[in-house]
1. Can you tell me the alpha carbon radius of gyration of the range A:477-577 divided by the globular rule-of-thumb value 2.2 N^0.38 Å?
2. Using unit Cβ charges (K, R positive; D, E negative) and no other charged atoms, how large, in debye to the nearest 20, is the dipole of the range A:252-388 about its Cα centre?
3. Quick one: Cα centre-to-centre distance for the range A:218-292 and the range A:35-91, in angstrom?
4. What nm value, rounded to one decimal, do you get for the distance between A:HIS123 and A:THR51 when each label is placed 7 Å out toward the C-beta?
5. When DSSP beta bridges are limited to those with both residues in the range A:421-544, what percentage is antiparallel, rounded to the nearest 5?
6. Farthest toward the dipole's positive end in chain A, which of A:ALA456, A:GLY486, A:PRO405, given Cβ charges of +1 (Lys, Arg) and -1 (Asp, Glu) about the Cα centre?
7. From the square roots a ≥ b ≥ c of the eigenvalues of the alpha-carbon gyration tensor of the range A:252-388, which class results: rounded (a/c under 1.5), prolate (a/b over b/c), or oblate?
8. Using only the C-alpha atoms of chain A, find the volume of their convex hull and express it per residue in Å³.
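The values are calculated or read from the model by the stated rules, or taken from the named source; none is laboratory data. On a predicted model such as this, the values are computed, not experimentally measured, just so you know. Backbone-built Cβ (ideal geometry, glycine too); neighbour counts: all protein chains shown. Surface accessibility is based on the protein's heavy atoms, side chains included, excluding ligands, DNA and RNA. Shrake-Rupley method; radii C 1.70, N 1.55, O 1.52, S 1.80 Å.
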Amino acid sequence: MRMSYLFGQTLREAPADAELTSHKLLVRAGFVRQLGAGIFSVLPLGHRSITKIENIMREEMNAIGGQEMMMPVVHPAEIWKETGRWYEVGPEMGRFKDAGGRDMVLAMTHEEVVTDLVRNIIHSYRQLPALIYHIQTKWRDEVRSRGGLIRVREFTMKDSYSLDADWEGLDRQYRAHYQAYFNIFRRAGLEVIAVKSDVGMMGGKEAHEFMYLTPIGEDTLVLCDSCGYTANRQVAVFRKPEPQEEAPLPLEKVATPGTKTIADLAAFLNIPESKTAKAVFMVATISEEQKDTEKFVFVVVRGDMELNETKLANALKAKALRPAHEEEIRAIGASPGYGSPVGIKDDVLVVVDDLIPRSPNLVAGANEDGYHYLNVNYGRDYKAAIVADLVAAEDGYACVQCGEPLRTSRGVEVGNIFKLGTRYSEAMNATFLDKDGKPKPVIMGSYGIGSGRLLACVAEEYNDEYGLKWPITVAPYQVHIVALKGGFDVAEQLYTDLQKAGVEVLYDDREELSAGVKFNDADLIGIPIRLTVGGRSLKQGGVEFKLRSSDEREIVPLDQIIDKVQEEIARLLAEINARVVPVEMPD
RNA sequence: CGGGGCGUAGCGCAGUUCGGUAGCGCGCUUGGUUUGGGUCCAAGAAGUCGUCGGUUCAAAUCCGGCCGCCCCGACCA
């Protein structure tokens with residue numbers, strides 16, 4: 001491609017609303033332009049890079065038996081009503097009516113469409129297993145779509161769906177994806193970790209997220225350096241401390257003026273926070289038979305720990321959670337800051353963390369401003385409807401597997417894999433006849449990778465103060481020829497010859513620009529190999545060869561440059577491919 | 001949805017306090033100059049000042065509504 005013809009423009013300054021490095025550089029280098037909040041156009045350079053990422057995904061999907069196809073972006077609402085997600089999913093689902101007044105859905109994902117196809121096409125165990133995938137646009141109207149290109153509303157995703165007759169088959173396909181995903185990310189130059197994750201709106205049995213570790217990530221991960229335990233903080237479990245045994249002491253009401261927080265309370269009474277019980281008031285939306293009801297929830301966790309809302313939502317099977325308003329708290333007879341499960345109205349749903357029953361003689365509120373109870377004991381003084389693990393893992397907590405301290409880190413989710421099981425096939429009656437002639441629901445898995453987000457993460461990882469530094473596998477072109485005065489004729493010939501040799505070339509043929517401008521553009525765009533052809537290099541005996549990733553320059557004679565470029569491309573490719581190795585999926 | 005900020009030429013910004021009908025840098029066009037790290041000089045083109053309404057002789061500027069974008073929080077595969 002000739003730069004004089006390339007559609008796009010480099011910018012000296014990034015738009016003011018770009019915050020992340022990847023966002024700034026991708027806009028400045030002419031890879032993307034923003035159209036609206038979370039909505040981007042992909043320009044030719046960006047499109048080439050995304051196509052490369054998508055082709056890597058195709059190769060790895062095909063290698064595990066995937067068949068590429070294409071499913072629609074606009075769906076009739078009926079299928080989403082069948083699975084219940086029409087009712088369960090909130091405003092992030094794009095909904096509209098067609099000209100005939102029918103409810104329509106903009107695809108957030110494609111389980112419903114796949115399952116509809118499955119029930120029409122799969123009739124026999126002989127047709128299973130199968131793996132289908134497509135690379136298609138999704139719309140998710142995130143309430144907050146920030147983070148440049150990392151978090152967008154309209155995006156392209158590779159999503160695959162496995163179909164099996166038995167659970168062993170699902171496990172095989174799940175494991176195949178686990179490996180394939182590592183291959184994809186590593187081939188794109190990105191090192192990721194796989195963490196256990198919440199199944200969220202997908203439902204299902206088991207899930208992993210593939211996380212690119214970076215401080216800009218919006219997810220918090222919990223890692224154990226000792227045994228390798230990894231999990232999203234939403235679901236991370238840990239070994240809870242064993243409280244000292246004590247004989248229950250009599251309940252005692254004490255004045256604790258001005259101690260609305262656990263820290264104040266512990267300081268006032270001169271006790272550790274771990275000897276207190278924290279009351280958290282939430283309102284849960286619970287869906288029953290397509291009807292949403294709001295339910296007040298009184299949560300008790302130990303004072304030194306934080307409530308994990310995902311765990312709470314899962315324990316309650318709640319669709320949504322929000323903090324309760326003060327009026328709602330007062331309405332159940334509690335007092336913000338002094339809330340207590342002791343003596344609360346009977347109809348209030350009390351949920352406690354499983355550490356609480358083992359923790360004797362805690363300090364809890366007295367449901368009266370300025371007063372707390374000493375020696376509150378679960379079972380004797382109050383009872384809960386649900387006892388479950390409800391608290392969030394923190395830095396330094398003990399690993400559930402090996403007991404060593406956990407560490408937290410931020411990450412961006414670049415892919416995920418889900419064992420859906422029969423959640424969709426049962427809801428939509430997608431069954432097959434097994435060997436015994438009995439109808440059984442198809443066992444499904446779903447597996448996604450966002451191609452634009454992956455590109456943004458690669459950009460986030462590979463850059464310096466001058467611009468992008470693409471891995472050879474993702475770079476829009478392999479070679480960038482910079483023609484300078486006295487070198488245009490030779491550069492033209494080199495451009496033609498390299499292309500004939502199968503090399504992908506971006507050729508800066510712009511005659512009116514100074515050398516500095518062209519070098520800066522080349523650094524900004526970040527193509528791995530740069531060849532400079534000018535009067536000076538020719539006088540020195542050839543063209544100047546330079547890698548974007550290195551400061552070294554070398555003059556290569558014209559009759560050797562094509563070989564040199566091909567060798568170097570092969571070397572860069574080999575370097576990346578060396579990272580593609582088998583991985584163990586932990587149980 | 002709550003809190004904060006912003007909206008003036010393709011990009012970055014000034015002008016708004018104190019109303020008088022728009023300016024700077026980059027980019028773009030033309031001519032010259034320079035020619036290996038964002039040359040220099042000159043002449044140009046380009047903006048319903050987000051939008052609607054109000055106040056006023058007069059609004060980018062004051063007042064109100066709406067829209068959009070960004071950040072923080074809640075939310076979220």
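1. Normalised Cα radius of gyration, the range A:477-577: 0.98.
2. 280 debye
3. Centre-to-centre distance over Cα atoms comes out at 39 Å.
4. 4.1 nm
5. 45 percent
6. It is A:GLY486.
7. On the way: a/c = 1.95, a/b = 1.65, b/c = 1.18.
Prolate shape, in that a/c is at least 1.5 and a/b is the bigger ratio.
8. 201 Å³
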